[in-house]
Every structure is written in structure tokens, then in C-alpha cells.
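A short write-up of the structure that comes next.
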Amino acid sequence: MKFTGLLFLLTFTGLVAGTSTAFSENLSALLTGEMQNFAPYDSPRPFKDFTFLNAKGEEERLSDYQGKVILVNFWATWCGPCKKEMPSLDRLQGELGGEDFVVLAIGQDLQGMEKVKGFFERRKIRNLAALNDKTVKSGRSAGVFGLPASILLNANGEEIGRLVGPAEWDAPEAKALISHVVAGS
């Protein structure tokens, strides 16, 4: 399993906890470097379900992924910081994505899926699924008003916290935060 080394480190250092109070307290210890702007909640919060389209034009729901820890990233092809951030999200999905974790990078492009697919091809994004919501209702439903915005959900579909603005999501501190949430789910 890809999380083994980080899980050992987190367990060894006492960061993996069994209670939600300890979870929220220990989460702040992980908010360094690239994750210093991640804003966690004291305890997980309910998160509204929403729909978006996959590359085949089929409708998917966020709840289709329940049971996994999800990093939902809202972005657009015209967004400069999003362009810079996207390769790190792709590497994160390639490295940690699997049965316990997934990155859902949901485009908010009004021009639709073809714009997203073209962006992925030009930038050699290979690990992320091409997803888009040209209605941008998904972002509004999630309370997102600026791009990029990333929201971390536990395996129960509850929001752990969010980061507004770009980050290097494959940095060691980002992977440690995600591994901590996976271990606690």
C-alpha cells in the first residue's frame, strides 16, 4: 500500500489519533510548508452532494466516490494559478490515488469538456480524470468563490477543511496531511 511509510511515520510520532478531538488537534501539527494555508475545521462538517460531467459526457455525483478520502479541486483552464497547480495534483493522484484516496479536479470551464480535455493533452496530465461542470453549480454549492480551491473530504463525505489558492499537492507535507486523513477514515 502506498501509504505505509507515511502511516508508520504518523503513528510513530503520535499524530494518528482515535478521537475526533485528538484528530483536529493533531491536524494542526501537519499544517506546515505547502499546507500552511490549509484551513481545517475543529471537527468534520457535512458537505453537499453535487454533479459534474466526466470525459464521456456522463453525469457523476460526488457521492459516487464516498468511501474514499477525496481532494476536490475546483479550477479552470483560464486560471493562471490553476495551471501552475495542476501538475502537482496529477502527480499526487498518480502517487496516492487508489482505493482509499482520489483527486477530483473539477473544471469550471463554461466552454465545456473539450476545453478541459485539450488542456490535459497539452499539459500531459495523465493521472487525473477529465471532469467539468460548465454550469459552475458545483463550485457554488461548495461555497467556492475563487480559483483554485481545494476541499478535503473524509471517507464519510464530510469536509475536513479547505485551501483557497494554489499549492504543491505532491509536497511531503501535503501527502502527510492526506495520509493522516486516510488513516483516520
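Rule-based calculations on the coordinates, nothing more; no lab input. Not measured: the values here are computed from a predicted model. FYI the Cβ positions are ideal-geometry reconstructions off the backbone, even for glycines, and counts take in every protein chain you see.
Loop-located GluC sites (Glu not before Pro) across the stretch 62-164 with a Cβ neighbour count of 12 or fewer within 10 Å are GLU99, with loop assigned by DSSP.
In this simple spin-label model, placing a label point 7 Å from the Cα along the Cα-to-Cβ direction at both LYS124 and ARG140 gives a separation of 3.9 nm.
What 222 nm value per residue comes from the helices of the chain, counting each DSSP H run with n ≥ 4 as -39,500 (n - 2.57) and dividing by all residues, nearest 500 deg cm²/dmol? Computed ellipticity for the chain at 222 nm equals -10000 deg cm²/dmol. Can you classify the stretch 39-167 as rounded, prolate or oblate using the Cα gyration tensor, where a ≥ b ≥ c are the square roots of its eigenvalues, rounded means a/c under 1.5, and otherwise it's prolate if a/b beats b/c and oblate if not? Rounded shape, in that the Cα axes give a/c under 1.5. Fully extending the segment from ASN54 to GLU99, taken as 0.36 nm per residue of separation minus the present Cα-Cα distance, adds 14.3 nm. Legend: ranking of residues MET113, MET35 from fewest to most surrounding C-beta atoms inside 10 Å; resulting order MET113, MET35.
The angle between the Cα long axis of helix 80-96 and the longest principal axis of the Cα atoms of the chain comes to about 60 degrees, rounded to the nearest 10.
What is the list of residues in the stretch 135-175 whose amide nitrogen lies under 18 Å from a point 7 angstrom out from the Cα of LEU110, following Cα to Cβ? The answer is 135-141, 144-148, whose backbone nitrogens lie closer than 18 Å to the label point. Taking the Cα atoms only, what angle lies between the long axis of helix 172-184 and the longest principal axis of the chain, rounded to 10 degrees? Once rounded, the angle reads 70 degrees. Under 15 Å from the Cα of LYS134, which aspartates and glutamates turn up, not counting those fewer than eight places away in the same chain? Cα-Cα hits under 15 Å: GLU58, GLU59, GLU60, ASP109, GLU114. Ordered by the number of other Cβ atoms lying within 10 Å of each residue's own Cβ, fewest first, THR32, THR77 fall into the sequence THR32, THR77.
The relative contact order of the stretch 39-167, computed from alpha carbon pairs under 8 Å that lie at least 6 residues apart in sequence, is 37 percent.
Once the trypsin sites (Lys or Arg not before Pro) in DSSP loops with at most 14 neighbouring Cβ atoms within 10 Å are cut out of the chain, the longest remaining piece is 57-122.
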